[in-house]
Every structure is written in C-alpha cells, then in structure tokens.
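Notes to accompany the following structure.
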Amino acid sequence: MSEDVETLKRRLPLLEYLRQHHWTGHPAGRSEFVGFCPLHEETRPSFYVNTRKDVFYCHGCGQGGDLIRFIQLSRRLSFRQSLACLDPQTTPEADPVAVIEQATAFYRQQLDQHPEAMFYLNQRGLHDRALIRELEIGYAPGGSLRRHLTEQGYSFDLLRQSGLLNVNGSDAFYQRIVFPLRQGEHIVNLYGRSIGAAFAHRFMPGTKGGLYAWEKIRHCSEVILVEGLFDYAVLRQVGFHNVTCSLGTHLNTDQLRQLCESSRTVYLAFDVDANRSGQRAAEQLAHRLGAQGIAVRRVLLPHGHDPNSFFVQGGDARQFQSFVEAALP
Ligand SMILES: [Zn+2]
C-alpha cells in the first residue's frame, strides 16, 4: 500500500467511482443523489449518495459506508483487497477479480472446442445452448490456462494466489465443467465438476458465496432449493424459474440469511439417496428455517433420484410439478 486510505478516497470520490461503473443517480436535495442500489435488486430507487460526507446508504438492503466499504460489498473483497483495487499502482494484470473473469472467459471458449465437454453436458441432460450461455458454463481441459493467462500479463504469483493454479504451478481445474459463481456482477468463486475420474466437486479457495443466482428470484414468495448446479440447470431448462442452489446440503450463513430475508415458502428438493443423507440434511435445514418463520416443504422425488437424474431418466416438468405440490411440511 503506497498511500493512506484518506488520500485514495480524496482522489476518487464515491459518486465518481459509481458513475465510472455506470451508476445513474438523480439529485435528491442538497449534496444528495438517489438511484437504484447496485448491491441488491430493487424496483424503486433507494440508494442514496451523500457527496458532502462522501458516503452511501441504501434504505432497501440497509448497507452503507464509504467508497472502500462499497467496493468490499460490491466486489466481495477484503478491506485490503479493496484498497489495492484503488491503488494507482495496481494494474489490471494484478487485479484478483479480473483474473477470475479472464479464466472464466477462457473456459467458456474451450467448451465448444472439446467434444467431451458437450458430451458430458448432454449426458447430464443439459442441451439448451441459450441456457448454457446464460449460466456462462465453460470447460477446463487442464494444462492450458496458465500459458493463456501469463501471455496476457498475469503473474504466476497472482495465478497461484487466486487458486487457479496449484502450488506446483499446474492448472487447478483439470477436465472439469466450470460454472462461475457470481454475486451481483462479480465472480466470487468457480465450481468445477469433474468429467473424469477425479473427485467430483471442486471449488476455488474461499467462500462459495450466497445462493446461486439469488438476485433473480429473491422476490419470489415460493422458491425451490436444490443442492447441485446440474439440478438447477435442468429445472431451469424445463421452465422452472423460481429455483436456486446451495452448492451442497450445508448452507452457509449468507445463504440462510438470504432465504430468511422475507417470508416465503421454500421447497427443498435435495437428493433422495440410499443412505438418506440428502433427506437428513433437508430435515435439519427445515428445522432451522422453520425456527426463523420460513415455511418449508420437502419435495420427495422417486427413490434414488435427485432433480438432475429425475429429468435425465425421462421425467418431465409436469411430473416434477406434481412432486412439488405433494411436498411434505
Ligand atoms: Zn441496497
């Protein structure tokens, strides 16, 4: 850090930073501007910027603070990382957020060039090209990301720190279908599903973030919660739009908070597996959510199925809907 916080903030007022990031605000009295909140989805503007104090406050999500706080929240970075973003000595090539975006773009290009990747998606019942594009699904063949990113000027150290490379310098994701996990605009993690013999699920270091694509459905009074991204994808493909995914049966505090932020009914469509672990997790979660005043229904799929396998073996949307309607409290 070459300068102190106050110097950085003086150089770039909050309003100017927001405008550089395409925020539009309208004057709302002396030294105040109001517009849509960049931190949460809303239909009426409730995000205020006070230019005299150089701070923001959102009456919708209750978040507020200075420029550094805004960067922390919007890009999900630590205080130190947020400062680094503002430091004029930080080049785009040293930006930890930019490098993940670049990796995601590279993985997306690879999807079409590796027939085994599309074959795997088809096998998992996923064939809608528009949805594959919307979810930004890519493929990590392994062995080529490091060269691609170092050619673009990213340092080996940054690639290792970001978790894209292993400690020994090889690609962390090898023969994996890759889903970027976004929080608002920014990618907070990557999920990689092995198409080979390696351990099935892998994330980058750090948080998996909140519920998948939560911004899209946070206003729904009924939501379907699934544990895997392939469950999510097939449900979206057949027309269920009020779906989200917790990436595993254990919900983190962000995810629990999101489900509880307003009163709603949550349909848990976890795996119905032989050892009952999916259903046990669903029962525990139902308990925790119930204690917060959230209505919970457990969707019971035919034995041995999760939503993905149910559709892969020929299930249809109407049948799935009937399981939702028959869901148990
Ligand atoms: Zn807000």
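Values as computed for the structure displayed
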item	result
All lysines inside 20 Å of Lys9 as judged from Cα atoms, apart from same-chain residues fewer than 8 positions distant	Lys53
Helix-only [θ]222 nm of the chain, DSSP H runs n ≥ 4, -39500 (n - 2.57) each, per residue, nearest 500	-10500 deg cm²/dmol
Long-range amide H partners of Arg264 with built H, under 5 Å	Ala295
Estimated vicinal HN-Hα couplings, Hz - region 131-143 in sequence order (Karplus 6.51, -1.76, 1.60; Gly, Pro = x)	5, 4, 5, 4, 7, 6, 5, x, 9, 9, x, x, x
Antiparallel bridges, percent of DSSP beta bridges restricted to the chain (to nearest 5)	70 percent
Those lysines that a straight Cα-Cα span of less than 21 Å connects to Lys208, excepting residues fewer than 8 apart in one chain	Lys216
Relative contact order for the chain, counting Cα pairs under 8 Å that sit 6 or more residues apart, in percent	10 percent
Sequence-distant residues sharing a close amide H with Val243 (under 5 Å, placed H)	Ile224
Full-extension gain in nm, Asp4 to Arg280, via 0.36 nm per residue minus C-alpha separation	94.3 nm
Whole-Hz couplings from phi, Karplus 6.51/-1.76/1.60, listed for region 207-215; x for Gly and Pro	5, 8, x, x, 5, 5, 6, 4, 3
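Where a number appears in this text, it was derived from the coordinates with a stated rule and is not lab data. It should be emphasised that the depicted structure is a prediction, and the values quoted were computed from it without experimental measurement.
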